[in-house]
1. Just checking, how many residues over segment 150-174 are touching an Asp or Glu at 6+ places or on another chain (Cβ under 8 Å), in contact (Cβ under 8 Å) with a residue 40 or more places away in the chain and of a type in the set (S, T, N, Q)?
2. GLU306 versus (1) of a type outside the set (Phe, Trp, Tyr); (2) modelled with pLDDT of 90 or more; (3) within 14 Å of TRP326 (Cβ to Cβ); (4) under 34 Å from the mean Cα position of the chain (by Cα): which is the lone unmet condition?
3. Might you check whether a residue that is closer than 30 Å to VAL327 by Cα and free of Cβ contacts under 8 Å to residues at least 24 places away in the same chain occurs anywhere in segment 216-229?
4. Please work out if LYS246 is of a type in the set (Lys, Arg), within 30 Å of SER347 (Cβ to Cβ) and over 27 Å from the mean Cα position of the chain (by Cα).
5. In this structure, is PRO206 free of Cβ contacts under 8 Å to residues at least 24 places away in the same chain, surrounded by fewer than 17 Cβ atoms within 10 Å (Cβ to Cβ) and part of a loop (DSSP other than H, G, I, E, B)?
6. On the given criteria, is ARG34 among the charged types (D, E, K, R), outside any loop (DSSP other than H, G, I, E, B) and within 17 Å of VAL135 (Cα to Cα)?
7. Applying the selection to segment 37-53, what residues are assigned to a helix (DSSP H, G or I), open to solvent by 60 Å² or more (accessible area, probe 1.4 Å) and farther than 17 Å from ASN160 by Cα?
Amino acid sequence: ETSQIIEVYINTIKVLREMDPSGELLQVVTQPVRNYLKGRSDTIRCIITSLTDEENGGELYDELRRQDAKPLEEAQLDEEDEEEPPTFDWEPPPSILKRRGVITGQVGRVTSSSRRAGDILSMLVGIYGSKDLFVNEYRIMLADKLLGNTDFNTDKEVHNLELLKLRFGEASMRQCEVMIKDIDDSKRIHTNIQSTIELNSRGNNPPVVDAAIVSHIFWPALTSIPIKNHPRIQSKLDQFSIEYAKLKNPRRLVWMKQLGTVELEVEAYEKDDDGNLVSHVKEVSCTPAHATLLAHFEDKGEWTSEELSNKTEMPEDMVRKRMGFWVNQRVVESNRSGEDIIYSLISVSDADANDQSFQHDEEDQEQAVSIGAHEEEEMKVYESYIVGMLSNLGQLPLERIHSMLKTFVAGSDHKYDKT
């Protein structure tokens, strides 16, 4: 795994620094490992996870919290960067063997004025030559964590962000700061709206919606899947939207209907200790798509996958995957009729006779941030710059386009990190 390779790389750095404080041996020995890590797609994500994960972070988690750590811009990664300015009598440093006392016969620990002062984090960032890739990856991971945080508690993320700002710079983390502020503001807003709804309904219609309200221009591109909520679910969202419009006029909410978590109480059939099927009510956490599919069974006890697809405006293959979740939960049973699948609410006799319906695989947990959509959005920005260049300047060599992109895109919200 990449995390294991990074751990070995960190330990190698520590050992080689003891053997050769100058860093020359370190550069030669670790260069193949650096090249290999750079070629792995999940290296940056593993590094960011280790920096912010207390349980599995290990060396890097402690590295971020070092008291003597410097910002990455000040880390001395080049062995020729010395504190004293060069003079006319400058001489190159002696060879490793001479400094280690092998030639002179005085073997022992030798310090060097050219010793690398760069810490482990700065060396890991130096693999890619830019901190922007790490900041962007952290921003994507932070979005997933914040949107999956149902209690709006951001204390841990604020602490990590402050530490990262010390290393990567405040300007680099400005968007992440806005993202955390959005969640903090959401907590205050939803508390205010819930109080208003409770007061207006006089306890007859208690609020059930908690919303994370985000400033989309500061967030990564979020997953977008077409879905039409069941009217009973949509009415709750509309009620929240109306109160928000009154509180924050002229702002309006645009719901990301495929994101979020729904807490439901469902009746399911499972075997007791004696092997008998019994009905019981249990709490289930699911996505809005799962909830809206199940809500339709309150209107009618039997649906085909095609009918559910038409009702929810989701692709039929997606409907079948999500309905597999309710089949596994022993809430719904499935039967094939030709090319179509018929779903119906399960009964004791059906549950006892249709154990084969338990074969559906539950869908993997969805991520709130669509990495593909984020990359596609960036490519559209690059494309607009390239079209403008070719329109105004005519035919250009690839190297010139690459150089101009690095210059022009640097001032925008998108960082040009292509090679």
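1. Count: 2.
2. Failed condition: (3).
3. no
4. no
5. yes
6. Details: among the charged types (D, E, K, R): yes; outside any loop (DSSP other than H, G, I, E, B): yes; within 17 Å of VAL135 (Cα to Cα): no.
Here the answer is no, as ARG34 does not meet what is asked.
7. LYS38, GLY39
Conditions tested, residue by residue: (1) free of Cβ contacts under 8 Å to residues at least 24 places away in the same chain; (2) out of contact with any Phe, Trp or Tyr (no Cβ under 9 Å at 6 or more places or on another chain); (3) over 27 Å from GLU157 (Cβ atoms).
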| site | (1), (2), (3) |
| --- | --- |
| GLN4 | yes, yes, no |
| THR12 | yes, yes, yes |
| LEU37 | no, no, no |
| THR49 | no, yes, no |
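The values are calculated or read from the model by the stated rules, or taken from the named source; none is laboratory data. If you're wondering where the values come from, they're calculated on a predicted model, not measured in any experiment. No Cβ is skipped: glycine too gets one built from the backbone with ideal geometry, and neighbour counts run over all protein chains shown. To get the accessible areas, we keep the full protein, side chains included, count just its heavy atoms, and leave off ligands, DNA and RNA. Shrake-Rupley method; radii C 1.70, N 1.55, O 1.52, S 1.80 Å.
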